[in-house]
Every structure is written in structure tokens, then in C-alpha cells.
Amino acid sequence: MRIEFVGGAKPLLEATGAAAFLLGEGDVHAALSARLDAGASEAIERAATAGGFTGAAGQSLELFAPPGLLANRLLLIGIGELAKVDERAVELAAARAFAQMKASGGETLLIDLGDLPSAHGAHAALGVRLAAYRFDRYRTTEAGRGKPVASATHIAVSRPATAAKAWKTLEALADGIIIARDLVSEPANILYPEEFARRVKELASLGLSVEVLGEKEMRKLGMGALLGVGQGSVRESQLVLIQWQGAADAKAAPVAFVGKGVCFDSGGISLKQADGMEEMITDMGGAAAVVGTMAALAGRKARVNAVGVLGLVENMPDGAAQRPGDVVRTMSGQTVEVINTDAEGRLVLSDALWYCQQRFKPRLIVDLATLTGAIIVALGKNLAGLFSNDDTLAANLLAASAASHDALWRMPLPSEYDKLLDSRVADMKNTGGRHGGSIIAALFLQRFIGQVPWAHLDIASTAWKPASTVPTIPDGASGFGVRLLDRLVADHCEGRRPAPASS
Ligand code: BES
Ligand code: MN
Ligand code: ZN
């Protein structure tokens, strides 16, 4: 998908494929007559009125062979009251225009932003890039209407150079989101821990430094919990460390992102039921979001030091697999009785979180994990759970969430529930009963956190959307977390702004 910014009113008149015009509520007459000659503008306005189109947000109307235009289709896209139109409204309107064009098999799209600020053109481009996402690497027989052929989108604004400049930053974000979606979409026979690590290494070209630890190194470090999860798999477990040095002070403490990367979660000996198990190829969604975030930060040269830590394993049943009842020793020295081998994400994270703190002494840590089915029960499919030991970090994440539209809901960490993790034989067990499952999982993680401001995002609810209704999230992998963390860094961790740490 090529995206270009073009200037003035001419592109709308000259487009030959599909043309979309973003129109504000109550502005239809003025906008049309400013762009088209009197006859054409009158005819299109009549069609709009007949179709009930007023320019309200969310409205769209498709006209064929529109008078006065070379385009074979004209899409009128409503963006609501002009005075209230923001970047998000433009992003969604452009995404809707693209989806409509794709559905009708068009090849090219021209989106005319009318008199909206030129910088909004970059947000239209973001909407188109995200809406155009499709994971079709393994479709070999698709042809004709089934296969979208969309190849180029032109975005018309008054000052194209302004839009192009704003797009430079946003394009890095779009790339990061798409990297995360691709990783989540890949099946587990292709994307196992070593292959995941190899793909991360390719991102060194962005200026990221990437280090990979194998099982031998992790054994030396004493990562018995992470290694226990992977021991039933023929694939070798990996710990991947990604670093971005963008702060003026090279020694400034980094922000750290830690991701659960279970490339496939069969449940292990505590085997999951067959129905829906295929979705467990997405159980590395936390690690994918960390990779996408690091790529976005590097791509836009964020003025921050950041590290990403990925715990990559495959959770399989096998003669060598760990058993319920096994006791493992974590890198922290604490021991864990494994009650259920399907509660594996917290075991992986316990060692990844500990290593992250020991090695990098970060100023804050955010971990992302498709950790519990219980978070879906609690919050549904549009909200991820936020758990934090630090009110400032939590507030900053909620602000970044509101600004980025990666929706979070804060959940509690009640200390009186912590004893549910007590074990008969070890320092703790890895499950604490059926009730409050997401909270218990977060309390388990907290046992591996020292003094650092920390937040845990349970994204089991949002990483994968089999039936998305948001035009910028085609069904499937959402890339949830990338926008959120990029925004957290941009608004709270870069430049001379104070760090979110409250301690
Ligand atoms: N990967 C799953 C959680 C999950 C469920 C992610 C649905 C995405 C969609 C996790 O490893 C898991 O199996 N959790 C168990 C924990 C239980 C055994 C305490 C769960 O949620 O049932
Ligand atoms: Mn599991
Ligand atoms: Zn899992």
C-alpha cells in the first residue's frame, strides 16, 4: 500500500478509482460547492440529501459514476461537527473510507480532507495503513473479489509537505503496530522461540541492539521457572533483550517493557481442551507488543533509553514436560510449586522480570501478557487489565490509554489475597483457586518486583479480536499495547519532563 500526500482541489477532480470526501456536519453544501462546479455539486448534494447523509460522524454514502468527477465511485464520509473534529475522528473516517473501497474491490483511493488542518492528513494515513492490514501470507489461491487489490492511497490536503512531515513520526508507530500484528498472526509451527528471536534481530537495522540468551545461559542464571515451562518442547527457549539508546544521557536509567512470549500454549500436562486451542498461537502477544513498541521508538528516534525483555517459550505436553506438583527455583531464589502447568505465563515472567531489574535497574517496568482467561470474563474484549504498585505510573498509563485508544481499566492488588498463593512445600504455588484469577496472577508477578514502579497489563482480552468493529483493527491481531506504550513514552518519559517514578 503506497500512501502519498497531494495538494489542493484538483486531485478530487482527477481521481479515476474511488474518491472519498470527508465532510463535516452542516458543511456538506459549502464543501461540495467549493470543490465542484455548480451542476455537479448540486447533483451530489441532492443524492446526499436523498441518502440521508448529513455529515454526522460514522455516516457514509457511496455514489457511483458521480457527476463532474472522473472517479467511478464517490464516498461521502461523515466526520461530525467540524469544530470538534480531532485527529482520531479523521483516522477513523479515513479507515472507514478505505474499508469501504476495499469491500467494493477498488484499486486506488483518493481521500480529500477538505479544509481540515494539513497535519490531520498524517492521521488519515495512519487510519488507512491500519485498516489495510491483512495477514494473507499463506493464502495461495485467492483471486478476484476475494483478494483486495488496493495498491495506492492519495491523501489531499492544502499543504502536503506538512502532512508528510507529521507522517514521518506516525509511520514509525504504524510500522510498530504492524510488526506486532504480524508476529501475533504467525502460526506456531513457523514462529517458535528461535525464529521469533531471529526476526527481532532483523530490527537491528532500526538502530536497536538485540541480544539473545539460550537455555544454557539461562540455566547459568538460575531461571528455573522459565526453563521449566519450555522443557516439554522440542524448541529451545530464548530470552531476548532489545535496547534503544535515545536519551541525551546515555547512562540515564531506561524504561523497561517485559513481554510474555509463549509461542504456543497447549497448557502442557494440564492440557487445554481442543475447542479454541488454535487461538493459543497468540499467547506471545505481550512479547509482540514489546517488539512493536521498541521498533516504533527507534523508528521515530524517541529521546529515551528503553529496554525490551522477551521471555520466549513453547508450552507443550511431553515425556520431558514439567508436571503438576513439580517445584521449580526461580532466578530470584524463590521456589514455586507448579499446581497447574497451564498457568505458565507468570512462571516465564517471574524470571524475565527479575532479570530485567537486576541487569538494567530501570526507572519503571511495564509488563504485557496474555495472562488469564479471567480478564476476559472481568472486562470483556475491549479493555485490558492494568495492575500497578505505583499510582503515578498507573495515572500516566491511563492518560496514555485515553490518548491512544488502547483501552485500560485499573484492577486492584489486594494484599489480603496474596496468601492464596501460599504453598505446602514451596515459597508459593502458581495458582490460587478459581476466584479473581487475573488478580491472583498479578499478585504472583508482584512477588518478583522490588522497589521499582511497575505495571502489569493483562492483554488476554485485547490482543486478538475475532470480530472487531473498529475500522482500524481488521479482525484478528490488534497490535494492542504499541500505541499505548509509545504514547506513555512520548508524553511522560521523553525530554526534560519528570519521570513517572514517584519513589
Ligand atoms: N494463555 C492463557 C490465557 C489466555 C486465555 C489467553 C484466553 C488468551 C485467551 C494462560 O496461560 C492460561 O492458560 N491461563 C489460565 C490460568 C489458570 C490455569 C490459573 C486460565 O486463564 O485459565
Ligand atoms: Mn496457559
Ligand atoms: Zn498462556
> Charges only on Cβ, +1 for Lys and Arg, -1 for Asp and Glu: so what's the dipole of region 192-234 about the Cα centre, in debye to the nearest 20?
Replying inline: 80 debye
>> Can you give me the long-range amide H partners of E236? Hydrogens built in the peptide plane at 1.01 Å from N, cutoff under 5 Å, separation of 5 or more residues or another chain.
In response: E194
> What is the helix-to-structure angle for 87-103, meaning the angle in degrees between its Cα long axis and the longest Cα principal axis of the chain, kept from 0 to 90 and rounded to the nearest 10?
Replying inline: 80 degrees
> Looking only at Cα atoms, what is the convex hull volume of the chain per residue, in Å³?
Replying inline: 149 Å³
> Given H placed on each backbone N at 1.01 Å, which residues far from R159 in sequence or on other chains put an amide H within less than 5 Å of it?
Replying inline: S118
>> Using a 1.4 Å probe on the protein heavy atoms, what percent of the accessible area of the chain belongs to carbon and sulfur?
In response: 52 percent
>> If I take every Cα pair under 8 Å that is 6 or more residues apart in the chain, average their sequence separation and divide by the length, what percent do I get for the relative contact order?
In response: 15 percent
> In debye, nearest 20: dipole of region 370-422 around its Cα centre with unit charges on the Cβ of K, R (+) and D, E (-)?
Replying inline: 240 debye
>> Below 8 Å between Cα atoms, with a sequence gap of 6+, how large is the relative contact order for region 281-377 in percent?
In response: 34 percent
> Out of residues 5 or more away from S423 or on other chains, whose amide H comes under 5 Å of its own, with H placed 1.01 Å from N in the peptide plane?
Replying inline: M428, K429
> Which of F64, I111, L368 sits farthest toward the positive end of the charge dipole of the chain, with +1 on the Cβ of Lys and Arg and -1 on the Cβ of Asp and Glu?
Replying inline: L368
> With the dipole of the chain worked out from charges on the C-beta (+1 for Lys and Arg, -1 for Asp and Glu) around the Cα centre, which of A378, V157, G207 lies farthest toward the positive end?
Replying inline: G207
>> How much accessible area per residue does the chain have, counting only protein heavy atoms and a probe of 1.4 Å, in square angstrom?
In response: 40 Å²
> Of the listed peptides 169-178, 130-139, 419-428, what is their order by residue-averaged count of other C-beta atoms within 10 Å, with the highest listed first?
Replying inline: 169-178, 130-139, 419-428
> Among all the lysines, which ones have a C-alpha under 25 Å from K429's C-alpha, if same-chain residues fewer than 8 places away are not counted?
Replying inline: K220, K260, K272, K419
>> One quarter of the convex hull surface, Cα atoms only: what value does that give for region 1-148 in nm²?
In response: 8.5 nm²
> How compact and how long is region 213-270, expressed as Rg and Dmax of its alpha-carbon atoms in Å?
Replying inline: 15.2, 49
> How far is the Cα center of region 224-287 from the Cα center of region 193-222, in Å?
Replying inline: 12 Å
> For region 394-425 and region 298-343, what is the separation of their C-alpha centers, rounded to whole Å?
Replying inline: 19 Å
>> Using +1 at the C-beta of Lys and Arg and -1 at the C-beta of Asp and Glu, which of A477, M428, H456 has the Cα lying farthest in the positive direction of the dipole of region 418-503?
In response: M428
> Once you charge only the Cβ atoms, +1 for Lys and Arg and -1 for Asp and Glu, what is the size of the charge dipole of the chain about its Cα centre, to the nearest 20 debye?
Replying inline: 780 debye
> Per residue, what volume in Å³ does the Cα convex hull of region 61-204 take up?
Replying inline: 134 Å³
> For region 73-214, how many pairs of lysine residues have a Cα-Cα distance under 26 Å, where the two are 8 or more positions apart or belong to different chains?
Replying inline: 5
> Please state the relative contact order of region 210-312 as a whole percent: Cα pairs under 8 Å, 6+ residues apart?
Replying inline: 40 percent
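The values are calculated or read from the model by the stated rules, or taken from the named source; none is laboratory data. Since this is a predicted model, take the numbers as computed values, not measurements. Cβ coordinates were reconstructed from backbone atoms using ideal geometry, including for glycine residues, and neighbour counts include every protein chain displayed. Just so you know, the surface numbers come from the protein's heavy atoms only, side chains and all, with ligands and any DNA or RNA stripped out. Shrake-Rupley method; radii C 1.70, N 1.55, O 1.52, S 1.80 Å.
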